[in-house]
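The values are calculated or read from the model by the stated rules, or taken from the named source; none is laboratory data. Because the structure is predicted, anything quoted here is derived from the model rather than measured. Note that each Cβ is placed from the backbone with ideal geometry, even for glycine, and that neighbours are counted across all protein chains shown.
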Amino acid sequence: MAVISPAWAGNDLDPLRAQFALQDERIDYADAKLVVDRLVEPATDTDAVMRELDNWERTVRSQVPANATSRQVLDALLRTLYEPGTWNQEKPFTYDLGDPLGHNPKNKQLAVYLATRKGNCVSMPILFAILGQRLGLPVALATAPNHVLVKFADESQQAWLNVEATAGGFKYDSSYERETGISEKAIQNGIYLRPLSPREGVGVIASSLMEHYGASQQVDDLMAVTDMALSANPKDPVALVWKANAYYFQLQERYVRRYPDAAKIPAAELADYQRLSQENLAWFGKAEALGWTPGTDEQDADYLKSVENEKLRRGQ
């Protein structure tokens, strides 16, 4: 396992660059996640989080039978995290129905998830992948629109199984396609539901950092992180869209706010204005050409309705 140095602060992206520079076999999802979380929240206690991960790994291993198959280890991991028992003090990890659209960025941090045991479609699959990797399981991160999941290579079935970490169970590709509106073009181009390499997985982990820099409009840092992710996976739809957004932010800052009437942009600055406009459209175009489509209000409404139904089922 790589050692994380606590010696960085602010927006020093070198630790993240170091993660993307690693070969797949050397990438540790826990290290990558903590690098990202420290960049979002410099006060993150990485040592404390690592101790928590060590404890959960030991707990899972205590539930694994002798000479276990990888599927038995997977089942032990699922049981340890999601079923109430003495192993988790009768407090399993659950989906946070109070923040269903992930509006609170703190909820995507590993330290917060471990402390509250309430997560979302970012923190939950990433923790599952971290522990799966530590247990030697053949797991990979994968994505659907606005969603992250875990793929498990099941030797007995000679197939990848989707672990839906927000529910602690399994799900078919067809369910994700139907529920999130994945197009056939997107599947053919491999932008969704594909088991990602570890380096590509680091790009998925870094998506919360893109969101953080986008919210604060730290455009240079946002550009740098999207470039790292796209160097690992040129078809990363989240990075493609954030790259387009970064050019939009630059356009707004440099020109739209200063010149509400585009006709008044000085001739000496017009070429740069046109370049930013073209780059913004071009990067959205690249994402759309691969099968990405923007989410709709109707999709959000349907999802929120399902959340309300789940709250009723749980008596909340």
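Taking each residue of the stretch 168-190 that is free of Cβ contacts under 8 Å to residues at least 12 places away in the same chain and looking for partners that are of a type outside the set (S, T, N, Q) with beta-carbon atoms closer than 6 Å, six or more apart or interchain, yields F170/L161. For the stretch 224-280, the candidate set comprises residues that are free of Cβ contacts under 8 Å to residues at least 12 places away in the same chain and of a type in the set (A, V, I, L, M); within that set, the residue that is surrounded by the most Cβ atoms within 10 Å (Cβ to Cβ) is I265.
For the stretch 88-101, the criterion of a residue being of a type in the set (A, V, I, L, M, F, W, C), surrounded by 15 or more Cβ atoms within 10 Å (Cβ to Cβ) and in a helix (DSSP H, G or I) is satisfied by no position.
The test for being under 21 Å from L34 (Cβ atoms), more than 15 Å from the chain's Cα centre (by Cα) and of a type outside the set (D, E) does not hold for L78. Of everything in the stretch 287-316 that is modelled with pLDDT under 75 and not in a helix (DSSP H, G or I), the residue that is surrounded by the fewest Cβ atoms within 10 Å (Cβ to Cβ) is G315.
Residues of the stretch 33-74 that are surrounded by 12 or more Cβ atoms within 10 Å (Cβ to Cβ), within 20 Å of D12 (Cα to Cα) and of a type in the set (D, E, K, R): K33, D37, R38, E41, D45. Looking at E253, E288, E298, just one residue is of a type in the set (D, E) and either under 26 Å from S216 (Cβ atoms) or in contact with a Phe, Trp or Tyr (Cβ under 7 Å, 6 or more places away or on another chain) (or both), and that residue is E253. Every test in (1) assigned to a loop (DSSP other than H, G, I, E, B); (2) surrounded by 13 or more Cβ atoms within 10 Å (Cβ to Cβ) is passed by K151 save one, and that test is (1).
Summed over the stretch 175-223, residues that are crowded, with 17+ Cβ neighbours inside 10 Å and either of a type in the set (V, I, T) or closer than 15 Å to N162 by Cα (or both) total 14.
Within the stretch 58-78, the set of residues being closer than 16 Å to V139 by Cβ and β-branched (V, I, T) comprises V60, V64, T69, V73. Looking across the stretch 1-29, just one residue is of a type in the set (S, T, Y) and either modelled with pLDDT of 95 or more or in contact with a Ser or Thr (Cβ under 7 Å, 6 or more places away or on another chain) (or both), and that is Y29. When the test is whether a residue is modelled with pLDDT of 95 or more and not in a loop (DSSP other than H, G, I, E, B), L137 does not pass it. For F284, are the conditions met, namely being without any contact (Cβ under 8 Å) to a residue 60 or more places away in the chain, within 30 Å of R178 (Cα to Cα) and in a helix (DSSP H, G or I)? It is true that F284 is without any contact (Cβ under 8 Å) to a residue 60 or more places away in the chain, within 30 Å of R178 (Cα to Cα) and in a helix (DSSP H, G or I). Checking each residue in the stretch 79-110 for being touching an Asp or Glu at 6+ places or on another chain (Cβ under 7 Å), modelled with pLDDT of 95 or more and more than 18 Å from L141 (Cβ to Cβ) picks out P84, P92.
The number of residues in the stretch 71-117 that are among the basic types (K, R) and over 19 Å from G132 (Cα atoms) comes to 2. Please work out if Q72 is under 26 Å from L193 (Cα atoms) and in contact with a Pro (Cβ under 8 Å, 6 or more places away or on another chain). Spelling it out, Q72 is indeed under 26 Å from L193 (Cα atoms) and in contact with a Pro (Cβ under 8 Å, 6 or more places away or on another chain).
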